[in-house]
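One structure is given below, encoded as structure tokens.
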Amino acid sequence: LESNLESNLESNMESNLESNLGSYLASNFESNFESNLESNLEPN
């Protein structure tokens with residue numbers, strides 16, 4: 001039971017980390033994209 005709990009905890013932590021990283025990267029990409037777009041649209 002204990003090793004089962006341990007492996008469940010480990011895989012939950014891994015998948016949480018992956019999904020958090022994915023959503024962080026997605027929102028970061030989106031805001032970077034928007035600010036790049038805005039600065040490109042501004043006249044030099």
Among the listed residues Asn4, Asn28, identify the single one that is surrounded by 10 or more Cβ atoms within 10 Å (Cβ to Cβ) and either in a helix (DSSP H, G or I) or free of Cβ contacts under 8 Å to residues at least 12 places away in the same chain (or both).
Asn28
Does segment 15-23 include one or more residues that are in a loop (DSSP other than H, G, I, E, B) and either modelled with pLDDT under 95 or hydroxyl-bearing (Ser, Thr, Tyr) (or both)?
no
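The values are calculated or read from the model by the stated rules, or taken from the named source; none is laboratory data. All values derive from a computational prediction rather than experimental measurement. Note that we place each Cβ from the backbone using ideal geometry, even for glycine, and neighbour counts take in every protein chain shown.
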